[in-house]
Amino acid sequence: MRVAIVENTRITHHGQVGVALHEAAAKIDLYKPWSDRRLPDPGSFDALVVFGGEQSARDDHSHPYLPDLARLMRASGEEGKAVLGICLGSQLLARGLGAENHLGTAPEFGWCEVALTDAGRADPVLSQLPASFPIFQWHSDTFTLPAGTTRLAGSGIAQNQCFRLNRATYGMQFHFEASRAVVADWNRSFPEAVERNLPGWLDRHHPESAAREGAQADAHGLAIARAWVTLIETGT
């Protein structure tokens, strides 16, 4: 299988998604349009992964490739290819599907609880998770549920945490790829931004949460990644 990965910021960790893709011996083509505006050719991949970034899904003035990426995600999903949008990637997928992006209205940070809907409990990617589970969050934006999609998970702050289009296109607001090792590197790389989101995180909240919710989130995130990669394999 050939997987196109789109990174939207200078420091991007593939985390649990990378683990699952390498387990499946996926051939990976990497794109960094924030640097050169280059996006994958629509016919060049079996699956498309779009990771997060510090920009919003509507920051066309500073990231002019965003509309094209949103359209590429939509078109790929409609063609039946496996598509995965994480955090900003989910917001771009929602944009491409005609939903509204709400900026700055839903801040979440740290390992937070997400609850599955009835559809989520029956979903092939999420069904092996508990009805409510901790997973890492780092966002302030959210979106309306795109027409024609199925809502799979939500939280008290952001109702649309995960949705599915057709067989294998998923938008996931939460950072399920973020293992404890990834979070630790974010702490080192972005300490000021981390502390702005949750004062005391570095000294107090992170050590406590990593030992408690972080260990569970690692397992949940890898389970999600492996289940989604299976959909690539069954669709090719």
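Report whether or not Ser90 is of a type in the set (Ser, Thr, Tyr) and under 30 Å from Arg204 (Cβ atoms).
Taking the combined requirement at face value, the residue satisfies it.
Within the range 49-63, can one find any residue that is touching a Gly at 6+ places or on another chain (Cβ under 8 Å) and under 12 Å from Ile232 (Cβ atoms)?
Yes, there is a match, as at least one residue in the range 49-63 is touching a Gly at 6+ places or on another chain (Cβ under 8 Å) and under 12 Å from Ile232 (Cβ atoms).
I'm trying to understand the selection: among the residues of the range 55-67, which are under 18 Å from Arg10 (Cβ atoms) and in a helix (DSSP H, G or I)?
Listed by number, the list holds a single entry, Leu66.
Please enumerate the residues belonging to the range 111-137 that are surrounded by fewer than 21 Cβ atoms within 10 Å (Cβ to Cβ), of a type in the set (Gly, Ala, Ser) and either in contact with a strand residue (DSSP E or B) (Cβ under 6 Å, 6 or more places away or on another chain) or closer than 22 Å to Ala210 by Cα (or both).
Ala115, Ala119, Ala131, Ser132
State the number of residues belonging to the range 122-139 that are at pLDDT 95 or above, assigned to a loop (DSSP other than H, G, I, E, B) and out of contact with any Gly (no Cβ under 9 Å at 6 or more places or on another chain).
5
Just to check your reading of the model, which residue among Gly148, Gly235, Gly154, Gly171 is within 16 Å of the chain's Cα centre (by Cα) and closer than 30 Å to Ser44 by Cβ?
Gly171
Among the candidates Ala119, Ala70, Ala20, Ala94, single out the residue that is assigned to a helix (DSSP H, G or I), among the small types (Gly, Ala, Ser), farther than 27 Å from Pro199 by Cα and in contact with an Asp or Glu (Cβ under 9 Å, 6 or more places away or on another chain).
Ala94
Filtering the range 14-43 down to residues that are among the small types (Gly, Ala, Ser) and at pLDDT 95 or above, which residue is nearest to Glu177 (Cα to Cα)? Let's see the steps before the verdict.
At the first step, the residues of the range 14-43 found to be among the small types (Gly, Ala, Ser) are 15, 18, 20, 24-26, 35, 43.
Imposing the further condition that a residue be at pLDDT 95 or above reduces the set to 15, 18, 20, 24-26, 35.
Working: Gly15: 5, Gly18: 8, Ala20: 10, Ala24: 16, Ala25: 18, Ala26: 17, Ser35: 23 Å.
Residue satisfying both the conditions and the ranking: Gly15.
The values are calculated or read from the model by the stated rules, or taken from the named source; none is laboratory data. Every value quoted in this text rests on a predicted model; they were computed, and no experiment measured them. All Cβ positions, even for glycine, are placed from backbone atoms using ideal geometry, and neighbour counts span all protein chains on display.
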